[in-house]
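Throughout, read-outs are computed from the coordinates displayed, never taken from laboratory work. These figures come from a predicted structure and were not determined experimentally. When we count neighbours, we look across all protein chains shown, and the Cβ atoms used for this are built from the backbone with ideal geometry, even at glycine.
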Amino acid sequence: MPQYAYRAVDKDSQITTGILVADSEAVLERRMAGLGLWLIEAKPHSGKKQADLKVKVTRKDLVDFFNGLATLIGAGVDISESLNVIVKETEQEGFRRVLEDVQLNIESGVSFFDAMSAHPEVFSAEICNLVRAGEHSGELVAACADISDHLEWLDALMGDVKQATMYPSMIAVAVFGLVFLMFSFVVPQFSVIFDSLNIELPTITKVVVAIGEFCNGYWWAVLLVCAGLFLFLKYAPPRWPELATALDTAKLRMPVFGPVNQLLVLSRFAHNMALMLKAGVPIVEAIGLVSGVVNNRVMNHALMDAELAVTEGRRMSQALAEHDVVSPIVMRMIVVGEETGKLDSCLEKISQRMDNEIPRRIKRLFGILEPLIILTLLGIVGMVAASIFMPLFSLMSGIRG
């Protein structure tokens with residue numbers, strides 16, 4: 001349904017702006033008149049975020065919103081009044097304005113799904129379709145509660161990942177910084193001393209001195225390369241799908257991190273797919289929506305094949321079996337779910353298993369990496385120390401002799 005960005009004036013001569021859903025501008029004007037608003041200007045809205053509306057909504061904000069909405073609607077409060085209550089409690093200005101728009105749309109006769117779809121910068125397609133399924137099935141309370149639980153799970157998962165990676169990341173950055181300083185400033189000082197002594201240097205000393213001279217002379221190039229690599233990996237994949245697919249494939253095949261990345265991808269798939277099917281979203285539509293949230297193009301390609309297979313009347317498992325990104329246990333649970341007609345239940349069980357497994361895997365992985373990073377630092381420091389002291393010991397032995 002078309003969306004319009006409008007400017008209107010109320011009975012108190014206050015200007016209000018927002019986005020409303022309507023079949024035409026004439027319908028929009030009639031609806032706003034029914035709400036006590038007089039339309040000043042209306043322009044077709046592309047569905048993108050308004051330039052003057054800075055919306056920064058966290059998962060915690062959305063969890064609180066859907067949790068409060070489920071509580072109020074479940075208590076018998078109609079959705080418009082429920083939104084009015086939540087709007088008054090919302091402190092974040094951008095989010096409050098979005099919710100006011102949603103409430104105004106609903107009061108003008110638009111469905112909750114269409115009202116939310118006008119703000120894709122806040123409500124993803126996944127969330128909107130879960131709401132639509134809840135509206136159609138008459139289980140909007142359950143849908144809102146499921147969305148709240150899902151977002152809370154996702155927030156907790158990302159929190160576990162960040163917590164587990166924070167300390168090793170800090171150590172890795174400190175190690176890199178220390179090594180860079182050693183080779184850029186410490187080693188060149190000793191290189192001057194060795195040149196003045198005019199002695200034959202061991203191979204390890206020559207290597208360390210050469211690295212030190214390079215870092216001292218081209219430190220800016222090292223920093224530029226690191227910054228360029230970071231920007232390339234951040235902005236290049238969206239522009240070149242082949243590169244993005246290759247990088248996502250590499251993430252799944254990494255020696256140590258690969259299995260954990262695969263677990264994260266499969267957990268997203270199982271959790272979201274179970275949620276969609278449980279809410280009553282048709283399986284073809286559910287696969288299409290889930291393919292957009294797995295955050296891995298290899299899995300995305302597998303789901304596109306699965307969507308095509310289901311459209312042609314075949315089973316989803318037949319298409320997924322051709323892709324090794326899906327682990328045997330997940331594959332087996334999907335087959336069982338299709339055979340028993342309880343695919344949502346089977347995916348929910350495998351999702352719960354992975355939810356418990358992922359934090360353990362991450363903590364175990366970084367528990368091993370921490371001492372490895374420290375040992376690497378000690379090894380580099382030891383190598384530099386040996387390269388410095390070996391010529392000095394050789395010189396002292398020559399003097400004594």
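Residues considered: 239, 364, 297. Largest GNM mean-square fluctuation over the chain, using C-alpha springs under 10 Å, is found at 239. Only the Cβ atoms of Lys and Arg (+1) and of Asp and Glu (-1) were treated as charged; on that basis the dipole of the chain about its Cα centre amounts to roughly 1440 debye. With angles folded into 0 to 90 degrees, how steeply does helix 125-137 sit against the dominant principal axis of the chain? Use alpha carbons for both and round to 10. With both axes taken from Cα atoms, the answer is about 30 degrees.
Once you wrap a convex hull around the alpha carbon atoms of segment 288-363, what is its projected area averaged over all directions, in nm²? The directionally averaged projection comes out at 5.3 nm². When shorter helices are ignored and each DSSP H run of at least 4 residues is given -39500 (n - 2.57), the per-residue value for the chain at 222 nm works out to -24500 deg cm²/dmol. The H on the amide N of residue 18, modeled in the peptide plane, is under 5 Å from the matching H of 6, each at least 5 residues off or on a different chain.
Per 0.36 nm of contour for each residue apart, how much would the distance between residue 315 and residue 161 grow if the chain were fully extended, relative to their Cα-Cα spacing?
Details: separation 154, 0.36 × 154 = 55.44 nm, distance 3.38 nm.
Extending this stretch completely gives an extra 52.1 nm.
If you compute mean projected area of the Cα convex hull in nm² for the structure shown, which of (i) 27.6; (ii) 21.9; (iii) 18.8 do you land on? Answer label, from the structure shown: (i). Derived scalar couplings between HN and Hα for segment 240-257 equal 10, x, 5, 5, 4, 5, 4, 5, 5, 5, 5, 4, 7, 10, 4, x, 9, 7 Hz in order, rounded to whole Hz, by the Karplus curve 6.51 cos²θ - 1.76 cosθ + 1.60 (θ = phi - 60°), x for Gly and Pro. Ranking 313, 237, 255 by Cα position along the charge dipole of the chain, where only Lys, Arg, Asp and Glu carry charges on their C-beta atoms, puts 255 farthest toward the positive end.
Of all the options 302, 42, 118, the one that moves most in a Gaussian network model of the chain with Cα springs shorter than 10 angstrom is 42. Between residue 380 and residue 40, the contour length at 0.36 nm per residue exceeds the alpha carbon distance by 115.4 nm.
The angle separating the long axis of helix 79-89 from the principal Cα axis of greatest extent in the chain is about 40 degrees. Derived scalar couplings between HN and Hα for segment 369-379 equal 5, 4, x, 5, 5, 5, 5, 5, 4, 4, x Hz in order, rounded to whole Hz, by the Karplus curve 6.51 cos²θ - 1.76 cosθ + 1.60 (θ = phi - 60°), x for Gly and Pro.
A dipole drawn for the chain from +1 and -1 charges on Cβ atoms has a positive end, and of 215, 90, 330 the residue lying farthest that way is 215.
In a fully extended conformation the segment linking residue 174 and residue 189 would gain 3.2 nm over its present Cα-Cα distance, using 0.36 nm per residue. Overall, segment 127-271 carries a charge dipole of about 360 debye about its Cα centre when +1 sits on the Cβ of Lys and Arg and -1 on the Cβ of Asp and Glu, all other atoms neutral. A simple rule links phi to the HN-Hα coupling: the Karplus curve 6.51 cos²θ - 1.76 cosθ + 1.60 with θ = phi - 60°, which for segment 326-333 gives 8, 5, x, 5, 5, 4, 5, 5 Hz, with x for Gly and Pro. When 215, 144 are arranged by Cβ crowding within 10 Å, least crowded first, meaning fewest neighbours, the order is 215, 144.
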